[in-house]
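The structure appears below as structure tokens.
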Amino acid sequence: MDNPTETTFTDEAVENALHRGEFRFHYQPKVSFLTGKIVGGEALLRWIRPDGTQVFPDQFLPRAEETGFITDITAVMVQDLIEDIETLRAVKPDVQVAFNISAKDLKTPYLVKILRSAIGNRRIDPGNIQIEVTETAVVDADNVVLQRLFDLVALGVEIVMDDFGTGYSSLDVLSRLPFSALKLDQGVVRRMPEDVRNTHIVLSSLYMARELSIKTIAEGVETEGTYSFLMASGCSEVQGYWIGKAMPLDDFISFFEEKAQWPFSAFGHLYNAWDNHISYRRKVLDYVHTLSFTSPKEWNELPKVDLFHSPARCRLGQWYMGERGEEGSQEHYARLDSHHRLMHEAGETLIETARSGKGPAAVAEATGIFLKHSDIVDAEVSRIVERWMARCECSRKGP
Ligand code: C2E
Ligand code: CA
Ligand code: CA
């Protein structure tokens with residue numbers, strides 16, 4: 001990749017470049033941890049100068065953001081993006097291309113208009129496009145910006161929160177706005193081998209996304225170790241130099257044609273399911289504890305807790321009823337299923353008992369039944385994990 005020689009450009013030079021068609025998207029591949037295959041990529045802006053040198057966005061976008069010229073760039077480039085997606089659909093109809101926008105782009109109506117028209121004319125499917133926004137772009141979102149985000153969601157387009165883990169109010173923003181995925185900040189991801197605090201941030205972000213049922217994408221993955229760690233931790237998708245840098249459209253298409261394959265495992269998926277299940281157990285017990293310390297007239301004021309008593313709403317239930325990716329005998333799964341159902345039923349009964357005022361002995365008995373089934377579920381899942389580890393050990397290559 002060429003390095004740009006200049007570091008600053010006049011506004012006029014940037015405007016001319018846009019109008020002369022010197023801006024292009026390069027695409028950085030994004031891989032699914034569940035399949036090890038490319039699901040799509042991120043469109044990253046490149047200024048290709050007539051002499052062939054490349055200028056990276058950090059050399060002209062911050063200034064374009066300041067002057068407001070960024071909205072012109074977006075309006076022109078989103079048309080290119082749609083054309084590129086049409087080309088990509090020929091090799092991968094369900095390709096997912098992420099596109100970055102700035103706060104100013106949400107203040108104008110054209111982005112929604114252009115996408116609505118491209119989707120309405122069936123040039124692209126809404127699933128082909130994802131919009132990445134940073135927290136700073138939406139932290140002070142007014143009604144207009146909010147409406148634009150909801151319009152995009154109504155079109156079927158996914159909104160991704162970029163650079164997650166760097167801001168201060170990420171949690172609040174995440175819960176208020178219609179995000180369907182969060183993208184872990186690349187700095188935080190890259191610093192995991194140096195400083196445990198970064199690992200904490202990554203793991204707690206994955207945990208939170210799990211609770212909110214949203215996808216996670218890791219960015220800045222440069223080593224095999226970081227890739228494997230994120231895969232085992234149940235992250236959904238991954239992007240970074242270890243897989244590939246941003247490249248011109250033709251090279252990106254070759255990646256799909258070559259059917260490139262990276263390591264994959266559904267183990268993180270099982271772990272997510274187990275975590276979600278354990279979180280249910282904890283929520284039930286904490287809730288019963290809370291009720292016992294609160295007078296019944298205050299119960300309406302308690303914080304809302306998502307107590308999903310249906311086993312099909314528990315991720316563990318969804319995992320063994322669906323794509324579990326582990327053979328195991330039918331007998332094992334039947335036992336797991338039966339106790340998992342009984343446990344969720346017992347959870348509901350336990351909460352009812354605690355609310356009924358039947359007294360501590362009745363609550364203790366209902367807790368005992370709940371925990372008995374929970375222990376059997378744990379033992380069954382532990383056995384699945386054991387069998388899984390044994391298989392990983394045999395399939396591992398190298399020392
Ligand atoms: P971003 O959205 O966080 O994009 C990721 C940046 O990290 C890209 O830099 C990418 O090349 C780089 N990167 C990806 N994986 C790795 C890795 O493993 N190691 C390292 N060291 N870097 C990695 P790039 O292309 O220079 O883009 C920089 C920023 O410019 C982007 O950050 C985004 O905020 C902005 N940008 C790029 N294209 C557009 C665009 O079309 N519109 C807008 N509004 N912003 C854009
Ligand atoms: Ca991005
Ligand atoms: Ca990012």
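By how many degrees, between 0 and 90 and to the nearest 10, does the Cα long axis of helix 110-120 differ from the longest principal axis of the chain?
70 degrees
Please compute the length gained on full extension between Asp286 and Leu171, using 0.36 nm multiplied by the number of residues separating them and subtracting their Cα-Cα distance.
Values: separation 115, 0.36 × 115 = 41.40 nm, distance 2.22 nm.
Net length gain for the segment: 39.2 nm.
Cut-off 20 Å, label point 7 angstrom out along Cα-to-Cβ of Glu301: give me the residues of segment 354-369 whose amide nitrogen falls inside.
Once the point is set 7 Å along Cα→Cβ of Glu301, 355 turn out to lie under 20 Å by backbone N, inside segment 354-369.
What does the extension gain come out to for Glu86 and Lys37, with contour length at 0.36 nm per residue minus their alpha carbon separation?
Here the answer is 15.6 nm.
Mind pulling the angle between the C-alpha long axis of helix 70-91 and the longest principal axis of the chain? Nearest 10 degrees, somewhere in 0 to 90.
70 degrees
Using helices alone, what [θ] at 222 nm do you get for the chain, with -39,500 (n - 2.57) per DSSP H run of 4 or more residues, divided over all residues and rounded to the nearest 500?
On the way: 15 runs with 209 residues, N = 399.
Computed mean residue ellipticity for the chain: -17000 deg cm²/dmol.
Leaving ligands, DNA and RNA out of it, work out the accessible area of Glu298 with a 1.4 Å probe and give it in Å² to the nearest 10.
It works out to around 80 Å².
Whenever you get a sec, compute what percent of the accessible area on segment 1-89 sits on carbon and sulfur atoms (1.4 Å probe).
Within segment 1-89, the accessible surface is 48 percent carbon and sulfur.
Do any chymotrypsin sites (Phe, Trp or Tyr not before Pro) in segment 192-261 lie in a DSSP loop with no more than 15 other beta carbon atoms within 10 Å, and if so, which?
Tyr241
Report the antiparallel proportion of the DSSP beta bridges in the chain as a percent, rounded to a multiple of 5. Present the calculation step by step, with values, prior to reporting the outcome.
Values: 14 of 36 bridges.
That works out to approximately 40 percent antiparallel.
Round to the nearest 10 and report in Å² the accessible area of Asp378, as given by a 1.4 Å probe over the protein chains' heavy atoms.
Roughly 30 Å² of Asp378 is accessible to a 1.4 Å probe.
Quick one: angle between helix 267-293 and the longest Cα principal axis of the chain, in degrees between 0 and 90, rounded to 10, please.
With rounding to tens, the tilt is 50 degrees.
Can you pull out the trypsin sites (Lys or Arg not before Pro) in segment 211-314 whose DSSP state is coil and whose Cβ has at most 15 other Cβ atoms within 10 Å? Write out the running numbers ahead of the final one.
Details: sites: Lys215, Lys245, Lys259, Arg281, Arg282, Lys283, Lys297, Lys304, Arg313; in loops: Lys245, Lys259, Lys304.
Counting only loop positions with at most 15 other Cβ atoms within 10 Å, the trypsin sites (Lys or Arg not before Pro) in segment 211-314 are Lys245, Lys259, Lys304.
Within segment 21-65, list the residues whose amide N lies under 19 Å from a label point set 7 Å along Cα→Cβ of Thr8.
Those under the cut-off are 55-65.
If R₀ is 22 angstrom, what is the calculated FRET efficiency for the pair Tyr241 and Glu194, using the beta carbon separation as r and rounding to 0.05?
0.80
So what's the gap between the Cα centers of segment 68-98 and segment 200-274, to the nearest angstrom?
For segment 68-98 versus segment 200-274, the Cα centre distance is 23 Å.
What is the percent carbon and sulfur in the accessible area of segment 115-240, measuring with a 1.4 Å probe over the protein chains and ignoring ligands?
51 percent
Counting only heavy atoms of the protein chains, get the accessible area per residue of segment 1-110 (1.4 Å probe) and round it to a whole Å² value.
Averaged over the residues of segment 1-110, the accessible area is 45 Å².
Starting with the highest mean, order 354-361, 382-389, 64-71, 99-106 by the number of other Cβ atoms within 10 Å, averaged over the residues of each peptide.
Ranked by mean Cβ neighbours within 10 Å, highest first: 99-106, 64-71, 382-389, 354-361.
Kindly count the pairs of lysines across segment 1-153 whose alpha carbons are less than 30 Å apart, treating pairs on different chains or eight or more residues apart as eligible.
Lysine pairs satisfying the spacing and distance rule in segment 1-153 number 7.
If the chain between Asp250 and Asp58 were fully stretched, how many nm would it gain, using 0.36 nm times the residue separation less the Cα-Cα distance?
Gain in length upon complete extension: 66.7 nm.
How many angstrom separate the Cα center of segment 114-133 from the Cα center of segment 275-291?
Taking the Cα centre of segment 275-291 as reference, the centre of segment 114-133 is 41 Å away.
The values are calculated or read from the model by the stated rules, or taken from the named source; none is laboratory data. Predicted model only: the values in this text are computed from it and were never measured. With ideal geometry, Cβ positions are generated from the backbone for all residues, glycine too; neighbour counts draw on all protein chains shown. Accessible surface is based on the protein model in full, side chains and every heavy atom, while ligands, DNA and RNA are left aside. Shrake-Rupley method; radii C 1.70, N 1.55, O 1.52, S 1.80 Å.
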